[in-house]
Structures are given as structure tokens and as C-alpha cells.
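Scroll down for the structure; my scribbles are underneath it.
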Number of protein chains: 2
Amino acid sequence: MAGRRAETTEANRARLLAAARAAFAVHGFAGASMDELTAAAGLTRGALYHGFGDKKGLLAAVVAQVDGEMAARARAAAAAVGDDWEALLAEAAAYIEMALDPEVRRIVLLDGPAVLGDPSRWPSQNACLAETRDTVARLVAAGTMRAVDVEAAARLLSGAALNAALWVAASDDQAVALPRALDAFALMAEGLRAR
Amino acid sequence: MAGRRAETTEANRARLLAAARAAFAVHGFAGASMDELTAAAGLTRGALYHGFGDKKGLLAAVVAQVDGEMAARARAAAAAVGDDWEALLAEAAAYIEMALDPEVRRIVLLDGPAVLGDPSRWPSQNACLAETRDTVARLVAAGTMRAVDVEAAARLLSGAALNAALWVAASDDQAVALPRALDAFALMAEGLRAR
DNA sequence: CTCTTTCGCATACGAACTGTATGTGAGTTG
DNA sequence: CAACTCACATACAGTTCGTATGCGAAAGAG
């Protein structure tokens, strides 16, 4: 059987998520209309409230999706580098570049924290932040990074990276700002490196 | 003379600002009702729209006020320290501690960027960020800080500090998290210090 | 001193949006 | 095949923002 019912339900859920993602990216959370959004998915608000509870629930689902994709890309970027320390920098660079995507900026960096609260308390557990925490923990355990509180360091590093991305995105000339942000980040991170 | 008219106008403006600041801090930007807010100030929405244009304009005014206060406190904290490098750390510590105030967190760190866009583009010019930029510029000029892009470094430092504050604020035990954040920040900043 | 003008603020109104309560029909089950 | 489930649509109520209009007190002119 495979459940003809559950199949279409899942498909509808995916369509709503996609539509919401696009609407939130373009209009922001507050500016996105649930009516327009669901109509674009070929459904009505009824489907939305049934599947996601309320508007915040919908945002949480979208954030979880985008956040998961970001963590995966960061992991891949880190894995592509041999040296452990370079992997940390590659991960941060990946975050910065990803955050230049308007969709990521608005949904995960701006509306996400404002509407859902601090990322460390998100239902999605913030895969993105967990990824950085794991990397930091590995570096500390290997003695590559100085003995620093793992949580604090992870939060500082990801905070600096994502904030740098906001700066680059708002800059008049991103092509100039981006390498400067990356340079400054690498220098600053050096402070955490074992000597 | 002194302008009996302008006098009450200014007083009303101040009352609206105070009421808005309280309402935004408690309910957030989206959750704050203009009707309740103005009523609490003994006025109506008419006064608000006449003086601030719209809801975003009101938030911008509140943000400018709080931001200005923050910059002043940071400057004072830095001035109280003799050593130049220590002054930078004192300034960052001041930011972190200020951001533990729920009012500052919600208005300046969460709703501000989400509603008004990137802080570097705020009408208030972000006095808070300008203060850090000046400090960094002084340190670079004095040779205390390595030759790094001033804008980028300032943005990374303030971003890390304010993000650390968000983490501390969301922590279960702030008394434990705060010193860890400060330690990690000092270590990380060390990467920018001239050798 | 009076008349006119200005303008800060209140009031009234319209449009949009969210969330809920109810209805319905396709799909599932016994 | 009949009863039931449930995903989704429809209808409704409450709230909110922004604008358009009105009013009354302060400021200025003669």
C-alpha cells in the first residue's frame, strides 16, 4: 500500500515548506502573507495551520531545513582540507560565504533569532552551531587549540563569522570586503591556536 | 517665550520614546501594540504617527537612544583603564555585560537588525560600532594591534562580543557562562595583537 | 486686543492579517 | 460496503497598522 494518504500529505508539506522558504526570504517573516504563501503552493491556510501549528512553527521548520543544509555544507568544506586548523578556517569561510545568500541571511540570521529566540535553544538544535562545536572540541582534544571552553569558543567563532557575513553583505563592495573579513577572521582565530 | 509649544512637544516625544522602549523590550517589536503603547504614554497613535512616521521610525528612534547610551558606557569603561590593549578588552566586556540587559538584547541585537537591516546602515550610524572602530583604529595606529582592516576587525570584535552575550543570556547558568565568554574573548582577541 | 494662520494631536475609517471553529470529501478500516 | 478518520477548505471574529480628516490651542500679523 505505502499509504496513499501519507504520500500526498508529505508532498504537500514539502510544497508548503518551499513556498514559505521563498516567501520568508523575499518579504521577511513579518511581511510574508500566509494567504499568498499557501496559494503559491496550491493550498490554503487550513493546510498550513494543520501541519505547522502557527506562523512561528512554519518558520521553525524552514529554519531547521536551511540550518541543516548549512551544517552539511560546512562539514563538507572542512572535510576537503587536510590540516585540522585549516579545516576550522575553511568551515568559517564556508559560513561566511553561505551567509552572503540573502535567503540564509534573512531567515537564519535575522528573523530566526528575532522570532524564535537564541539559536542555541532552537528546536532544530542548530546543526550549524553543533558542527562548529564538534570541530572546536576536536581541536582542543588534539591540542591544536588552546584549552578554552568549547561552548564559548564555538559560539564566539560562529558569531564572529556570521556577523562578518552580515557586514560583507551590507558593504558597498562585497568583492573587497569579503577577503578582508576572511583575513581578519583568520588572524583573530589565531589567538585560540596552541603555541 | 522659550516656545511653550515646542516644549510640550518635546516632552510628549520623550514620553512616547520611553513608552515605546518599555513596550518593545517586553513584547518585542512585532508584539508591541501602538494603541497600548501610546495610551501608556497618555497620548494616542495620532501623536506617534505625527512624530515618528510609522512603527519602524519609532523603533529607529528607540534604537538610536539605546545605542547611544551603550556607546557612552563603553567609552567610559575603556577610559577607566590605563593600558590601551586592556581598554579594548574592557570595552568588549562592557558590551557583553550591557547585552545581558533584556532591553538591550531584544531591541538592539534582535529586533533592530531584523527590522531596520544591518547596523552599519542604521540612521543612528550605530554609535556603538563606531566606538569600537575608533578604538581599533587607535590600536592599529599605535602598533598595538596588527595591521588589519579596521572596519573588518571592529565588526568581528563587536560581533563576537554581542553574540557571546546572546549565548550567555540564553545559558542556564549565566554566572558560569559569563567568565568563560570573557576568557575566550580575551584569548581570541589576542590573535589580533601585535607580537 | 483681535483676527488669522499654523500645527500638534485626536478621532474615524478602511484594509489586511492571524488564528480558530466548523464543514467536507477522499482515503482507510473492519 | 458501511462507518470512520483526518487532511484540508471555508467562514468568521478579533486585532492591528496606516491614512484621512477634524479640532483646538499656541503663535504671528495688523
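The values are calculated or read from the model by the stated rules, or taken from the named source; none is laboratory data. Everything quoted here is computed from the prediction, not taken from an experiment. When we count neighbours, we look across all protein chains shown, and the Cβ atoms used for this are built from the backbone with ideal geometry, even at glycine. Quick note on the areas: whole protein, heavy atoms, side chains included, nothing else; ligands and nucleic acids left out. Shrake-Rupley method; radii C 1.70, N 1.55, O 1.52, S 1.80 Å.
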Original post:
Does the stretch B:64-81 include one or more residues that are farther than 23 Å from B:Asn126 by Cα and away from DNA strand D (no atom under 16 Å from the Cβ)?
Top reply: yes
Original post:
How many of the residues in the stretch B:34-52 are surrounded by fewer than 15 Cβ atoms within 10 Å (Cβ to Cβ) and within 12 Å of DNA strand C (Cβ to nearest atom)?
Top reply: 7
Original post:
Conditions: (1) within 15 Å of DNA strand D (Cβ to nearest atom); (2) farther than 16 Å from A:Trp122 by Cβ; (3) under 23 Å from the mean Cα position of the chain (by Cα); (4) open to solvent by less than 60 Å² (accessible area, probe 1.4 Å). A:His27 meets all but one. Number of the miss?
Top reply: (4)
Subject >> Selection count, the stretch B:30-57, where residues are small (Gly, Ala, Ser), more than 8 Å from DNA strand D (Cβ to nearest atom) and farther than 27 Å from A:Gly112 by Cβ >> reply: 6
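For every residue, the table says whether it meets (1) part of a helix (DSSP H, G or I); (2) facing chain A (nearest Cβ under 8 Å); (3) open to solvent by less than 30 Å² (accessible area, probe 1.4 Å).
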{"position": "B:Asp134", "(1), (2), (3)": "yes, no, no"}
{"position": "B:Val140", "(1), (2), (3)": "yes, no, no"}
{"position": "B:Glu151", "(1), (2), (3)": "yes, yes, no"}
{"position": "B:Leu162", "(1), (2), (3)": "yes, yes, no"}
{"position": "B:Asp172", "(1), (2), (3)": "no, no, no"}
{"position": "B:Leu178", "(1), (2), (3)": "yes, no, no"}
{"position": "B:Ala184", "(1), (2), (3)": "yes, yes, yes"}
{"position": "B:Ala189", "(1), (2), (3)": "yes, yes, yes"}
Subject >> Test result for B:Arg4, near DNA strand D (Cβ under 8 Å from one of its atoms), more than 29 Å from B:Glu97 (Cβ to Cβ), out of contact with any Cys (no Cβ under 6 Å at 6 or more places or on another chain) and open to solvent by 80 Å² or more (accessible area, probe 1.4 Å) >> reply: yes
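Which of the following residues is within 13 Å of another protein chain (Cβ to nearest Cβ), over 18 Å from B:Glu190 (Cβ atoms) and hydroxyl-bearing (Ser, Thr, Tyr): B:Ser120, B:Ser124, B:Ser158?
After ruling out the rest, the residue left standing is B:Ser120.
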Original post:
Does the stretch A:10-23 contain at least one residue that is away from DNA strand D (no atom under 12 Å from the Cβ) and touching a His at 6+ places or on another chain (Cβ under 8 Å)?
Top reply: no
Original post:
Got a number for residues in the stretch A:70-87 being in contact with a Cys (Cβ under 9 Å, 6 or more places away or on another chain) and of a type outside the set (Gly, Ala, Ser)?
Top reply: 1
Subject >> Residues of the stretch A:53-73 satisfying the condition of being within 16 Å of DNA strand C (Cβ to nearest atom), free of Cβ contacts under 8 Å to residues at least 12 places away in the same chain and either within 14 Å of another protein chain (Cβ to nearest Cβ) or under 12 Å from the mean Cα position of the chain (by Cα) (or both) >> reply: A:Asp54
**OP:** Output the residues belonging to the stretch A:157-195 that are of a type in the set (S, T, N, Q) and closer than 16 Å to A:Met98 by Cβ.
**Re:** A:Ser158, A:Asn163, A:Gln174
**OP:** Output the number of the condition that B:Tyr95 fails; it satisfies all remaining conditions of (1) open to solvent by less than 10 Å² (accessible area, probe 1.4 Å); (2) free of Cβ contacts under 8 Å to residues at least 60 places away in the same chain.
**Re:** (2)
Original post:
For A:Ala76, which of the numbered conditions (1) open to solvent by 50 Å² or more (accessible area, probe 1.4 Å); (2) within 15 Å of DNA strand C (Cβ to nearest atom); (3) farther than 20 Å from A:Arg13 by Cβ fails to hold?
Top reply: (2)
**OP:** Would you be able to tell me the number of residues in the stretch A:101-116 that are assigned to a loop (DSSP other than H, G, I, E, B) and open to solvent by less than 20 Å² (accessible area, probe 1.4 Å)?
**Re:** 0
Original post:
Mind checking whether some residue in the stretch A:54-63 is more than 30 Å from A:Arg138 (Cα to Cα) and open to solvent by 50 Å² or more (accessible area, probe 1.4 Å)?
Top reply: yes
